[in-house]
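Here the structure is laid out as structure tokens; the discussion comes afterwards.
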Amino acid sequence: MNYSNHNLRTDLQEWKNRLYRAPYGQFGNQLKYLLNNLDTNLQIKGLIQETINKHTYTKEEFDKQTERERRGVDMEFESEIHQTAYCYQFLKYIIKEAGNYNLHNLIIFSRRDFNDTKTKIVEDYISPIIYYLHDKLDKSNSIIYLLEKYKRRTEWFTKKELFDKYQTADKSYEQILEDDLRLFLFDQGIDYPFSTPTSASGRADIIGEIETDDPLVVEIKIFDREKGYGKERIKDGFNQIVKYANDYNKDVGYLVIFNMDKAELNFNLADNSNIFPPSIQFNNKVFYFVVINSANNLTASKSGTIQEIEITEKELTKK
């Protein structure tokens with residue numbers, strides 16, 4: 001599968017490499033290009049804003065810190081989040097004070113020659129941001145990988161068994177599917193995917209690693225028109241996962257849809273690339289839609305015409 005975060009990680013590295021390769025006259029332009037890219041990508045912007053929310057610096061604090069930078073006094077950071085927040089905000093502060101992006105001309109960064117100065121700026125202020133973003137995107141990619149693996153496991157091997165349990169139940173339909181996904185996540189190394197603590201918006205279906213600073217938030221919905229679970233169910237699920245992401249201060253949310261219907265679901269979103277899974281960038285956060293085709297339908301040779309149910313971004317996000 002082609003995961004969207006892999007492409008983004010590649011972009012981050014290329015933006016940094018361009019800065020490293022920039023000659024004297026182009027360094028400021030490449031720094032502006034990199035920072036503008038960080039600011040315009042909603043997922044990256046959300047990740048950085050999350051660090052700033054935890055460690056916000058004022059102009060007065062940076063006024064004092066500038067003198068420390070001139071004397072070459074290294075900052076001490078309590079975490080990568082802290083370092084990222086500092087580096088990003090300090091760069092923005094210095095650029096605003098200087099009135100341009102040519103930081104290599106400033107005395108506080110000056111070294112014996114331009115290459116030394118460039119290396120200091122990149123390694124001390126840009127690299128910590130890039131490393132932090134890589135780590136965050138890697139974790140998101142690993143969750144997507146697990147959900148894709150669960151999708152294949154279900155569709156290839158356990159679909160009939162799961163569908164039979166669903167069909168014979170008279171209530172708690174989502175609980176059956178939720179338990180199956182929980183067991184899989186536990187087997188794959190997600191510790192304690194059991195908690196459903198109450199947040200301001202209610203209870204999410206799966207809150208994994210709740211004891212950590214970075215819990216996994218997954219909402220489960222069923223699509224089955226025979227039971228009255230149509231498109232509105234998916235729209236409600238999206239609304240819920242947005243609220244849970246806000247409640248838990250998460251920049252990523254996952255909506256897992258068990259398709260128990262004969263129709264195929266087609267997410268027609270702004271990003272129509274063939275990247276798995278389809279996603280929406282909304283309110284500086286990213287939300288992924290993972291469809292598990294779980295109906296025990298007839299074989300392809302006997303199923304006849306396939307009906308498609310389209311779900312658009314406008315339908316999901318309109319109030």
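Summary table
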{"read-out": "Every pair of residues 6+ apart whose Cβ atoms lie under 7 Å, when the first sits in the stretch 164-185 and is without any contact (Cβ under 8 Å) to a residue 40 or more places away in the chain while the second is polar (S, T, N, Q) and open to solvent by 50 Å² or more (accessible area, probe 1.4 Å)", "value": "none"}
{"read-out": "Members of the stretch 243-268 found to be more than 24 Å from residue 136 (Cα to Cα) and either buried (at least 17 other Cβ atoms within 10 Å of the Cβ) or of a type in the set (A, V, I, L, M, F, W, C) (or both), listed by number", "value": "257, 258, 259, 260, 261, 263, 265, 267"}
{"read-out": "Counted residues, the stretch 52-68 - those being touching a helix residue (DSSP H, G or I) at 6+ places or on another chain (Cβ under 8 Å), modelled with pLDDT under 90 and open to solvent by less than 90 Å² (accessible area, probe 1.4 Å)", "value": "3"}
{"read-out": "Lone unmet requirement of (1) closer than 18 Å to residue 47 by Cβ; (2) out of contact with any helix residue (DSSP H, G or I) (no Cβ under 9 Å at 6 or more places or on another chain) for residue 266", "value": "(1)"}
{"read-out": "Qualifying residue in the stretch 53-71 (condition: in contact with a strand residue (DSSP E or B) (Cβ under 8 Å, 6 or more places away or on another chain), on the phi < 0 side of the Ramachandran plot and in contact (Cβ under 8 Å) with a residue 24 or more places away in the chain)", "value": "no"}
{"read-out": "Given (1) exposed (fewer than 13 other Cβ atoms within 10 Å of the Cβ); (2) of a type in the set (Ser, Thr, Tyr); (3) touching an Asp or Glu at 6+ places or on another chain (Cβ under 8 Å), index of the condition residue 168 fails", "value": "(3)"}
{"read-out": "Some residue of the stretch 117-133 being over 30 Å from residue 188 (Cβ atoms), touching an Asp or Glu at 6+ places or on another chain (Cβ under 9 Å) and aromatic (Phe, Trp, Tyr)", "value": "no"}
{"read-out": "Those residues of the stretch 34-48 which are surrounded by 16 or more Cβ atoms within 10 Å (Cβ to Cβ), in a helix (DSSP H, G or I) and under 16 Å from the mean Cα position of the chain (by Cα), in sequence order", "value": "38, 42, 43, 44, 45, 46, 47, 48"}
{"read-out": "Whichever residue in the stretch 203-242 is among the basic types (Lys, Arg) and modelled with pLDDT of 90 or more and, among such residues, is surrounded by the most Cβ atoms within 10 Å (Cβ to Cβ)", "value": "221"}
{"read-out": "Scope the stretch 120-143; condition without any contact (Cβ under 8 Å) to a residue 24 or more places away in the chain, over 30 Å from residue 255 (Cβ atoms) and open to solvent by 50 Å² or more (accessible area, probe 1.4 Å); matching residues", "value": "123"}
{"read-out": "Those residues of the stretch 232-251 which are among the basic types (Lys, Arg) and either closer than 15 Å to residue 265 by Cβ or touching a helix residue (DSSP H, G or I) at 6+ places or on another chain (Cβ under 6 Å) (or both), in sequence order", "value": "233, 235"}
{"read-out": "Residue check for residue 99: on the phi > 0 side of the Ramachandran plot, more than 24 Å from the chain's Cα centre (by Cα) and at pLDDT below 95", "value": "no"}
{"read-out": "Flag if residue 63 is within 30 Å of the chain's Cα centre (by Cα) and among the acidic types (Asp, Glu)", "value": "no"}
{"read-out": "Residue in the stretch 1-44 that is modelled with the lowest pLDDT, counting only those that are over 14 Å from residue 126 (Cα atoms) and among the aromatic types (Phe, Trp, Tyr)", "value": "3"}
{"read-out": "Failed criterion for residue 103 (all others in (1) in contact (Cβ under 8 Å) with a residue 60 or more places away in the chain; (2) of a type in the set (A, V, I, L, M, F, W, C); (3) more than 27 Å from residue 134 (Cβ to Cβ) hold)", "value": "(3)"}
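The values are calculated or read from the model by the stated rules, or taken from the named source; none is laboratory data. Nothing here was measured: the structure is a model prediction, and the numbers come from that model. Here the Cβ is made from the backbone with ideal geometry for all residues, glycine too, and neighbour counts use every protein chain on show. Accessible surface is based on the protein model in full, side chains and every heavy atom, while ligands, DNA and RNA are left aside. Shrake-Rupley method; radii C 1.70, N 1.55, O 1.52, S 1.80 Å.
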